[in-house]
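Notes for the one structure printed next.
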Amino acid sequence: MSILYTPAGDTDPIRDFYDGAILHIIRTYKPSMVRIFLSAEMVKKEETRQVYSKAIAYNAPDCKIEFIKTDIVDAQLMEKLIPLAEGFMELRKEYPNEAILLNLSSGTPQMKTIMSFLATDFDNVRAIQVDSPQQGSNRKAHATQDDEDINAVIENNFDNAEDYKCRCHEAPLALLHRYSVRHQLISLVNSYEYSAALSLYNKNKLFFAEETGKLLLHADLRSKLQVNEAFKATGKPLNNDKEVKLLNEFFMVMELRQKKGDLAEFIVKLTPFLYGLLLYYFEHKAAIKPAQFCYEKQRSNASWKISKRKLQDVAPKAWQYLDDLMFNYGGFRDKTDLSFSNMLNILHTLDGVDSQLLEVLDVLRDVERNHRNNLAHTITNITEELLKNTEPKLSSQELVQKLRKAFMLIMQGENVYKRNVYDDLNQKIAASLDEFRQIK
């Protein structure tokens, strides 16, 4: 079953003793239904003389006829023709599983443009063009006049012959469609919406190079911190130390959240990132290691617990500082988790720690504490305004800069990305979209 959706124009239903586009498509494709969009002028023609319904009924009596009647006078103005697109959308809702024929040859140039866009933007649509009998412009051809006998015009139509010459052909709109999809893909990628871009690519993969799919899959997996799977998708191994690599990737994903304006998720990720960053510092850069002042882990994935006795032995100044901070709560308790805040407090008591690092970590600790409490205890949305009005009153971009500074100070000497790789990755994806598969 197919349905024809079409505007009506001056060449319809018959012109110079030959089918207009609507009638010729119906004659050739034999749709079960036609829905015709009428401007005010065409409404008058149908209501006074039934020009469309009589011509269609004569040639295709089994074809159901429906009209969309409007009061549009200026059918040459694009802004007046929104109902033409809306009528198509309504038809799609009513008949989601049916093939829809779109007539690209009737109506004003503006109507034809809209119909072409509809043909490129939707699946299960066939765009039909109808050549004039003259195989060229038919502007000088004799149009059916209002005072002519419509029944006589219909009966004397040359295309009524069984051996009529078909003038229909389906418009090669695939090229326009893939450029439309390309534009959508670039827009999604530049917004870091990789899952949506990958889904759109998979629906249109016959148009694009395989490299595009590999890059989109890589970006999607990588932005979800499925790093190993992401690099397998491109066939490139991981080069960095696993621990450094994961921290680097985590930070870049945090930055993506900030760029996308997903500030609540950005703030939520502060705590695990800062914890992981300082834990790396203590395990690889600090004068004392967690194993020296914490209880032995029973499992590899268990968290470190601070040992009062061990910390007093290896860093008595650190233990005293922690105990003084918790004086009003009965002192610092044995087996307390080695949290980001506790590591930062210990760091303040150690010799040789970069003062720039301590300064930026203190600021990040304030942000993490203040906004984490907001998220944990109230139903609130993190906005730029809220960030700028809450101590230490930094914008999200300023927070990213602080995080990058802390990360780079701790990772001195390590092989890390100096900038966010996703912008470079987006450029690669955009470049790959210039390569089209050959459409057969």
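Rounded to the nearest 500 deg cm²/dmol, what is the calculated helix-only ellipticity per residue at 222 nm for the chain, with -39500 (n - 2.57) per DSSP H run of length n ≥ 4?
-16000 deg cm²/dmol
Residue farthest toward the positive end of the dipole of the chain, with Cβ of Lys/Arg at +1 and Asp/Glu at -1: which of GLY87, ILE267, ASN342?
ASN342
Scan around ILE68 for amide H atoms under 5 Å from its own, H built in the peptide plane at 1.01 Å from N, and keep only partners 5 or more places away or cross-chain.
Under 5 Å from the amide H of ILE68: ILE36, PHE37, LEU38.
Using +1 at the Cβ of each Lys and Arg and -1 at the Cβ of each Asp and Glu in the chain, identify which of LEU118, ILE22, PHE37 lies farthest towards the dipole's positive end.
In the chain, that residue is LEU118.
With the cut-off at 27 Å, tell me which of the pairs LYS308/LYS405; LYS64/LYS112; LYS245/LYS289; LYS245/LYS393; LYS242/LYS405; LYS224/LYS297 have Cα atoms farther apart than that.
LYS308/LYS405; LYS245/LYS393; LYS224/LYS297
Expressed as a rounded percentage, what relative contact order does the chain have, with Cα pairs under 8 Å and six or more residues apart?
13
What FRET efficiency comes out for the pair ASP323/ASN389, r = Cβ-Cβ distance, R0 = 25 Å, nearest 0.05?
FRET efficiency, ASP323 to ASN389: 0.10.
Please give me the summed charge of the neighbours of ARG92: other residues whose Cβ is under 13 Å from its Cβ, Lys and Arg +1, Asp and Glu -1.
Summing Lys and Arg as +1 and Asp and Glu as -1 gives -4.
If you place +1 on the Cβ of every Lys and Arg and -1 on the Cβ of every Asp and Glu, how big does the dipole about the Cα centre of the chain come out, in debye to the nearest 20?
Here the chain has a charge dipole of around 2080 debye.
Can you list the lysines whose alpha carbon is less than 19 Å from that of LYS203, not counting same-chain residues fewer than 8 positions off?
LYS214, LYS440
Please state the shape class of region 53-140: rounded when a/c is under 1.5, otherwise prolate if a/b exceeds b/c and oblate if not, all from the C-alpha gyration tensor.
In terms of gyration-tensor shape, rounded.
Would you mind calculating the gained length between ASN202 and ARG126 on full extension (0.36 nm times residue separation, minus the Cα-Cα distance), in nm to one decimal?
Full-extension gain reported as 25.2 nm.
Run the simple label-point estimate for ASP10 and ALA152 please: 7 Å along Cα→C-beta, distance reported in nm.
About 2.3 nm separates the two model spin labels.
In whole angstrom, how far apart do the alpha carbon centroids of region 180-244 and region 79-136 sit?
34
By DSSP, what percent of the beta bridges with both residues in the chain are antiparallel, rounded to the nearest 5?
Percent antiparallel among DSSP bridges in the chain is about 30.
Take the Cβ-Cβ distance between HIS169 and ALA99 as r, set R0 to 22 Å, and report the resulting FRET efficiency rounded to the nearest 0.05.
FRET efficiency, HIS169 to ALA99: 0.85.
Using the Cα centre of region 221-327 as the reference point, and only Cβ charges (+1 on K/R, -1 on D/E), how large is the resulting charge dipole? Debye, rounded to the nearest 20.
260
Counting other Cβ atoms within 10 Å of each Cβ, which GluC sites (Glu not before Pro) in region 159-215 have at most 12 and sit in a DSSP loop?
Here the GluC sites (Glu not before Pro) that fit, given the DSSP loop and packing criteria, are GLU162.
Can you tell me the equivalent ellipsoid semi-axes for region 1-51? Use √(5λ) from the Cα gyration tensor, largest first, whole Å.
Taking √(5λ) for each Cα gyration eigenvalue gives 19, 14, 8 Å.
Taking a probe of 1.4 angstrom, what is the accessible area of ASP71 in Å², to the nearest 10?
Spelled out: ASP71, probe radius 1.4 Å, area about 130 Å².
Take LYS418 and GLN50, extend 7 Å from each Cα along the Cα→Cβ direction, and tell me the distance between the two endpoints in nm.
8.0
If each of LYS242 and LEU358 carries a label point 7 Å out from its Cα toward its Cβ, how far apart are those two points in nm?
A separation of 3.5 nm, rounded to one decimal place.
So, in Å, what gap is there between the alpha-carbon centers of region 325-354 and region 247-315?
14
Could you state the angle between the C-alpha long axis of helix 355-377 and the longest principal axis of the C-alpha atoms of the chain, as a value from 0 to 90 degrees rounded to the nearest 10?
60
The values are calculated or read from the model by the stated rules, or taken from the named source; none is laboratory data. Note that this is a predicted model, so its numbers are computed, not measured. Please note: Cβ atoms are built from the backbone with ideal geometry, for glycine as well, and neighbour counts cover all protein chains shown. Surface areas here come from the heavy atoms of the whole protein model, side chains and all, with no ligands, DNA or RNA. Shrake-Rupley method; radii C 1.70, N 1.55, O 1.52, S 1.80 Å.
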